[in-house]
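Heads up: the structure comes next, in structure tokens.
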Amino acid sequence: MLTENWNDVGTGFHPVSAPDYLPLPQLHELQLRRLRAVVSRAYENVPFYRSRMEERGVSPASLDTLSDLGRLPFTVKTDLRDHYPFGLFASPMGEVVRLHASSGTTGKPIVVAYTEEDIAVWTEAMVRAFACYGLHRGDIVQNSYGYGLFTGGLGAHYGAEALGATVVPASGGNTDRQIMLLRDFGVTAICCTPSYFTHMIERAAELGVDMKALPLRVGVFGAEPWSDGMRAHIERAAGITAFDIYGLSEIVGPGVAAECREQSGLHVFEDHFYPEIIDPETGAVLPDGAEGELVLTTLSKKAMPLIRYRTRDITALIPERCACGRTIRRIRRIGRRSDDMFIIRGVNVFPSQVEAALLTVEGTLPHYRIVLTTDKGLDQIGIEVEVSAEVASDQVRVMEDLRKRIGQAIERIVGIRVGVRLVEPHSIPRSEGKAKRVVDQRAK
Ligand code: DLL
């Protein structure tokens with residue numbers, strides 16, 4: 001755990017972090033004022049929102065309190081696809097200074113737009129995230145999120161620069177060079193996906209670089225789910241504190257929510273991104289503490305406001321106030337999406353459960369994939385797990401014992417028996433961005 005150099009303790013926090021500590025009545029007043037403005041903006045400038053609101057018999061004037069937000073219709077991913085590429089913009093192109101797009105596995109990408117003011121809000125959110133991690137001027141931040149249409153690269157870049165840190169814009173890929181930069185530049189913080197960082201750890205060991213001996217002290221990991229077991233592995237292997245960062249292109253990119261030094265949930269920068277939790281089946285708003293789907297409303301966005309956007313990410317708003325002193329609420333770490341579940345022999349299985357199970361077993365590496373196949377018309381699930389070089393060279397009996405222990409750990413957590421195959425180190429493809437954990441070879 002970090003114990004010093006926090007610039008957000010006592011009264012000495014980064015000035016930009018002030019909204020993190022607003023007294024609640026003030027925060028709620030600010031949120032309501034911004035909510036009314038953004039809903040009016042959407043209603044007046046985006047035909048899609050106007051007709052959706054008219055269908056429900058609501059209008060910007062219906063918003064007397066924050067909870068009236070629940071009367072407005074949801075927006076979903078297909079609404080964005082249906083209006084590809086620019087149909088949901090609320091600003092003329094002359095005011096749009098940036099476009100990003102999320103790749104998406106099927107069909108058209110989702111396009112998002114930013115005015116100059118939107119970029120400033122995003123940058124502010126990222127500065128507040130970096131301040132949560134205890135970073136400040138003087139830190140050297142290697143940004144290994146991909147630069148380009150993906151929001152990770154430029155989002156983290158602008159934030160780290162505005163914080164006053166020194167940015168190394170490494171982008172993803174070329175792992176040997178990443179490790180050289182980490183070592184030679186005396187990098188103190190790294191931003192990338194947790195899966196890519198596990199690859200860096202492994203490669204550094206092969207190159208004879210001891211990560212623990214480097215000045216690196218903070219990791220800013222997100223863009224994909226990762227378990228507490230993965231965090232423990234990373235912190236132990238690299239001698240750093242590993243923090244979670246959450247965001248999605250549709251809302252802004254990284255910087256919607258971030259962990260603080262308590263590492264106990266992610267603070268949502270809710271003066272800009274208003275969170276609700278709903279029952280994914282009925283759409284009903286759930287109270288703080290209950291688990292459900294995260295719905296976000298952009299309170300400050302100009303170019304492309306999103307009203308009640310269904311993220312598909314499953315979490316809960318944590319009711320208790322955080323020990324760090326911030327008043328903005330936290331969400332629990334996101335382990336799964338409502339659409340990444342598969343059903344095997346009637347049991348609901350989430351990839352995150354498999355990861356959690358694997359990481360309880362000694363001798364495995366955090367490189368795995370889940371292979372779905374069909375056998376005699378039935379869905380089957382198999383897990384491929386890499387083992388360390390020592391284990392791989394061990395006797396058959398040792399390997400067999402490990403395979404059994406992994407199978408049992410998964411059965412304990414997931415509730416079904418699965419096929420486990422131990423594979424050689426390096427045989428599972430590495431990713432420089434989001435890892436692809438599930439390979440679906442089922443007959444369609
Ligand atoms: O992944 C933005 C980002 C970049 C976040 C860098 C953090 C760091 P998209 O590509 O649009 O945007 O993917 C968004 O990724 O709805 C979640 O399902 C997942 N996701 C993002 N961060 C986390 C996280 C970026 N910390 C989708 N934990 C989201 C779990 C995450 N899932």
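The values are calculated or read from the model by the stated rules, or taken from the named source; none is laboratory data. Computed from a predicted model, the values in this text were never measured in an experiment. Every residue, glycine as well, gets a Cβ built from its backbone with ideal geometry; the counts of neighbours run over all protein chains shown. The accessibility values were calculated without ligands, DNA or RNA, using every heavy atom of the protein model including side chains. Shrake-Rupley method; radii C 1.70, N 1.55, O 1.52, S 1.80 Å.
Points to keep in mind about this one:
- Two-decimal Rg/Rh across the range 341-440, once Rg and the Kirkwood Rh are taken from alpha-carbon atoms: 0.96
- Listed by chain and number, the lysines whose alpha-carbon sits under 22 Å from that of Lys434, ignoring those within fewer than 8 places in the same chain, are Lys77, Lys108.
- Set of the range 269-293 residues, backbone N closer than 16 Å to the point 7 Å along the Cα-Cβ line of Met341: 278-284, 291-293
- Potential lengthening between Asn45 and His136 on full extension [0.36 nm per residue; Cα-Cα distance subtracted]: 28.9 nm
- Reachable lysines from Lys376, criterion Cα separation under 24 angstrom, eight or more residues apart if same chain: Lys444
- Farthest toward positive dipole pole in the chain [+1 Lys/Arg, -1 Asp/Glu at C-beta], among Thr327, Gly407, Asn348: Asn348
- For the chain, the mean residue ellipticity at 222 nm estimated from helices alone is -9000 deg cm²/dmol, where every DSSP H run of n ≥ 4 contributes -39500 (n - 2.57) and the total is divided by all residues, rounded to the nearest 500.
- 3J(HN,Hα) along the range 35-49: 4, 4, 5, 6, 5, 4, 4, 5, 4, 7, 10, 10, x, 4, 5 Hz, from the Karplus curve 6.51 cos²θ - 1.76 cosθ + 1.60 with θ = phi - 60°, whole Hz, x for Gly and Pro.
- The solvent-accessible area of Ile413, taken with every protein chain present and a 1.4 Å probe, is close to 80 Å².
- Highest-first packing order for the peptide set 283-295, 254-266 is 254-266, 283-295, based on the mean count of other beta carbon atoms within 10 Å.
- Share of alpha-carbon pairs per 20 Å distance bin for the chain, given as whole %: 24, 55, 19, 1
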